[in-house]
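None of the figures in this text is laboratory data; all of them are computed from the coordinates on show. A quick note: this is a predicted structure, and the numbers were derived from the prediction, not measured. FYI the Cβ positions are ideal-geometry reconstructions off the backbone, even for glycines, and counts take in every protein chain you see.
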Amino acid sequence: MLIALCSVHGSPGVTTLAVALATHWPDLADTRRLIAEIDPAGGDLAIRLRVPTTPGLASLAATARRHPRPEVVWDHTHVLPGGTRVLIAPPGSGHARAALHLLTSAQPQLLPAAAREPGVAVLADCGRVDPGTPAEAIARQADALILLSGTHGEDLAHTAARLGELSRWTPRPGLLLTGEGYPTAEVERELGVPTIGRLPHDPTAAAALTGHAAPSGRRRRTGGLARHVAALARALAAPSAAAPPPTAVDTRSADAPSPDPGARGGSATAPPPRTDLAPGHQEPPAGDLSRGGRPSHPTVTEPHT
């Protein structure tokens, strides 16, 4: 299974989500999990997790033309504590973009083919998907694409501008919100599409996952990031997740308050039919960013504590 993770603005936590999904993926003993950094802006995990950049994306790209077998991907990965493997991209956009362009020009199907092997889950960190990104060649072959977006005004403006394009990249696109900002119900109403859920602002958990120092100062209450990610991972890994019909992820406990003190947050349930972003089109079904077809993600019920 290949899950492509991306954003279109800012840094909403795509790399953190990739690490979190790999960490909380179900059936860990029977699943080969791979975090693949294919962000043309450069990788972060070599520094965060203190692993070398070679072998990695650059060495895989250099050998892919001569050895186009899916199993060669694993020869260019590092094993992290817990068994997750990582394909490291070099820091800096120059080397990373060149390596990714070489790989997708020579063997764009290599990573997706490795992901299709039984018992394999590849979390592809595509970073910010600007128009013309070389990561598109891989993201278009994903079993599911998750667009991660913040919920402040500037985040949502950029997200709205790219929804139509990204919905055509994969049969299973999904919009996942993160952090504090406008309530989920208001975002769904303004964008004209339902979301598949919302991740809470949890800097302590995020720091632990990605090797950063925990936030200093007064003690912070954790926001339940692990529970929400585990629920999303179970939904993506479920046998029924490879095909419709799915529905929106239930993460109501993660909903953030509105910037307006007088406003109240809503739930992540699908709103009634309304006009979509494009004039003359009706809203797609729950969980799908496209303008038609079946809903695109399985139901996830947030565990209660």
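Within region 57-101, list the trypsin sites (Lys or Arg not before Pro) lying in a DSSP loop whose Cβ has at most 16 other Cβ atoms in a 10 Å radius.
Sites meeting the loop and neighbour criteria: Arg65, Arg66.
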Determine one quarter of the surface area of the Cα convex hull of region 58-166, which equals its mean projected area, and express it in nm² to one decimal.
8.1
Counting all C-alpha pairs of region 149-194, share separated by more than 12 Å (%)
60
Rounded to one decimal in nm, the spacing of the 7 Å Cα→Cβ label points at Ala157 and Arg48 is 2.8
Assuming 0.36 nm per residue, please report the length gained on full extension of the stretch Ala207 to Arg116 beyond their Cα-Cα distance.
29.7 nm
Among 145-155, 20-30, how do they line up from the highest to the lowest mean number of other beta-carbon atoms within 10 Å?
145-155, 20-30
